[in-house]
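Some notes on the structure that comes next.
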Amino acid sequence: MSTKSVITGCGAYLPQKILTNDDLAKIVDTSDEWIRERTGIRERHIAEEGEKTSDLATKAAQAALEAAGCEPGDIDLIIVATATPDLTFPSTAAIVQAKLGAAAGAAFDMQAVCTGFIYALSTAEKFLAAGQHKRALVIGAETFSRILDWTDRTTCVLFGDGAGAFVMEAQDRKTARGRGYINSYLRCDGRLVDLLYVDGGVSATQTTGHLRMQGNKVFREAVARISQAMEWVATDAGIDIHTVDWFVPHQANERILKGVVKKLDLRPEQVISTIAHQGNTSAASIPLAYCQGVADGRIKQGDLVLLEGMGGGLTWGAALLRA
Ligand code: UT7
């Protein structure tokens, strides 16, 4: 019998420590005004020393499990989207599995940088649809503070740490009653690697490296590629994009969100934005924004929600679901 992959719960975790724009102005030559006007960011959360990506991921996962009303032992697939794993190996997903006490099923990481959560969600759905797994934890978790060059004002002001998680469950169509994942669109253009990358790694330098970005070139690519992905999922699903209830974007820059709204003629109040208080949390930003929408009562069961993102690779994509 064919099933639907339904999001039965979501959870979020942000480290306690907050770094404001004024705090950053004491470290690099920048200002609250510049950061707010160019990006919309006011503050971001930063993991404490010793607080790892797996710690953030585990806390978000526990909140998602509670929201879904299930136990760690009910989970038979864990996918962690991250570009900042605890260790080179094993996967952060394996570490999260142990921290949760969920020693059943499969666990692995997904690396598509800021598009990672869309890639992970789409992958989890394929596993559930194939029938070999029943209930997945799909997590986006990052500690980008660890790979920032804190002397580079063009990048260090943009990013923050955090984690968000979904519980996604295979349900028969009658039980799902129209809810669940509908489709997704995943793309990568590896010719654009140099626009956004980390200048270190196991095989290349045997160091962790620092994030490097040609921000204005990434910016120029963003609106067109994101809009194309969003239009593709809507058209493929046979729906008018203007009937979507909520847009949950990757939170890179408020000006990118506004550019997409303008290009696709959407209503700005349909866009869930967390950028002011979280900055860009890479793979965590989409589930964090989704959880915010659920927590404050905007996203309700049955709403049509479109997720989208773009990041290093370049990778970009979108996913459509009924909450
Ligand atoms: O999540 C993955 C995907 N990432 C993105 O989508 C990020 C996309 N890019 C962006 O969001 C924007 O390009 C940035 C926010 C990174 C930069 O904004 P921009 O309007 O494109 O600025 P710019 O890079 O063209 O720089 C303009 C000026 C430069 O000074 P000059 O050369 O005109 O004198 C920069 O040196 O702003 C300067 N600048 C800063 N000034 C104060 C760059 N960073 C800062 C800063 N504070 N933090």
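The values are calculated or read from the model by the stated rules, or taken from the named source; none is laboratory data. Computed from a predicted structure; not experimentally measured. With ideal geometry, Cβ positions are generated from the backbone for all residues, glycine too; neighbour counts draw on all protein chains shown. With ligands, DNA and RNA removed, areas are computed over all heavy atoms of the protein, side chains included. Shrake-Rupley method; radii C 1.70, N 1.55, O 1.52, S 1.80 Å.
Among the residues of this structure, R36 does not count as one that is within 16 Å of the ligand (Cβ to nearest atom), in the same structural domain as D152 (by TED's automatic domain parsing) and crowded, with 20+ Cβ neighbours inside 10 Å. Among residues of the range 165-191 that are without any contact (Cβ under 8 Å) to a residue 24 or more places away in the chain, none has a Cβ under 7 angstrom from a residue that is open to solvent by less than 60 Å² (accessible area, probe 1.4 Å) and assigned to a loop (DSSP other than H, G, I, E, B) at a sequence gap of 6+ or on a separate chain. The residues on offer are D172, D152, and the sole one that is at negative phi, within 16 Å of the ligand (Cβ to nearest atom) and not β-branched (V, I, T) is D152. Among the criteria (1) within 13 Å of the ligand (Cβ to nearest atom); (2) open to solvent by less than 20 Å² (accessible area, probe 1.4 Å), the one I46 does not fulfil is (1). For the range 133-169, the tally of residues that are of a type in the set (A, V, I, L, M) and closer than 19 Å to F108 by Cα stands at 9. Within the option set A295, A276, A237, being touching a strand residue (DSSP E or B) at 6+ places or on another chain (Cβ under 7 Å) and aliphatic (A, V, I, L, M) holds for one residue only, A237. Once the range 77-94 is narrowed to residues that are within 15 Å of the chain's Cα centre (by Cα) and among the hydroxyl-bearing types (S, T, Y), the residue that is farthest from K134 (Cα to Cα) is T84. E142 meets the stated requirement of being closer than 22 Å to L65 by Cα and within 13 Å of the ligand (Cβ to nearest atom).
Taking the criterion of being open to solvent by less than 50 Å² (accessible area, probe 1.4 Å) and acidic (D, E), the only residue of the range 177-208 that qualifies is D189.
Of everything in the range 209-231, what is open to solvent by 20 Å² or more (accessible area, probe 1.4 Å) and closer than 30 Å to L128 by Cα? Give them in sequence order. Matches in the range 209-231: R225, Q228, E231. The set of residues in the range 18-33 that are over 20 Å from S282 (Cβ atoms), in contact (Cβ under 8 Å) with a residue 24 or more places away in the chain and open to solvent by 40 Å² or more (accessible area, probe 1.4 Å) comprises I27, D29.
The set of residues from the range 270-323 being away from the ligand (no atom under 16 Å from the Cβ), assigned to a strand (DSSP E or B) and more than 13 Å from G140 (Cβ to Cβ) comprises L304, V305, L306, L320, L321, R322.
Residues checked against (1) in the same structural domain as T123 (by TED's automatic domain parsing); (2) farther than 26 Å from T39 by Cβ; (3) open to solvent by less than 10 Å² (accessible area, probe 1.4 Å):
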{"position": "A136", "(1), (2), (3)": "yes, yes, yes"}
{"position": "A141", "(1), (2), (3)": "yes, no, yes"}
{"position": "F144", "(1), (2), (3)": "yes, no, yes"}
{"position": "W150", "(1), (2), (3)": "yes, no, no"}
{"position": "R153", "(1), (2), (3)": "yes, no, no"}
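A count restricted to the range 51-110 and to residues that are free of Cβ contacts under 8 Å to residues at least 40 places away in the same chain, open to solvent by 10 Å² or more (accessible area, probe 1.4 Å) and in a loop (DSSP other than H, G, I, E, B) stands at 11.
If you check L24, L14 for being within 16 Å of the ligand (Cβ to nearest atom) and in the same structural domain as A141 (by TED's automatic domain parsing), only one passes: L24. Figure legend. Inter-residue proximity from the range 220-248: first residues among the polar types (S, T, N, Q), second residues loosely packed, with under 13 Cβ neighbours inside 10 Å and assigned to a helix (DSSP H, G or I), beta-carbon distance below 9 Å, spacing 6+ or different chains. No pairs are indicated.
Among the residues of the range 237-252, is any assigned to a helix (DSSP H, G or I), within 12 Å of the ligand (Cβ to nearest atom) and either buried (at least 18 other Cβ atoms within 10 Å of the Cβ) or basic (K, R) (or both)? I'd like the intermediate steps shown before the answer.
In the first step, residues of the range 237-252 are kept if they are assigned to a helix (DSSP H, G or I); the result is 241-243.
Applying the additional criterion that residues be within 12 Å of the ligand (Cβ to nearest atom) yields none.
So far as the range 237-252 goes, no, none of its residues is assigned to a helix (DSSP H, G or I), within 12 Å of the ligand (Cβ to nearest atom) and either buried (at least 18 other Cβ atoms within 10 Å of the Cβ) or basic (K, R) (or both).
When F159, F127 are screened for being within 13 Å of the ligand (Cβ to nearest atom) and in contact with a strand residue (DSSP E or B) (Cβ under 7 Å, 6 or more places away or on another chain), only F159 passes.
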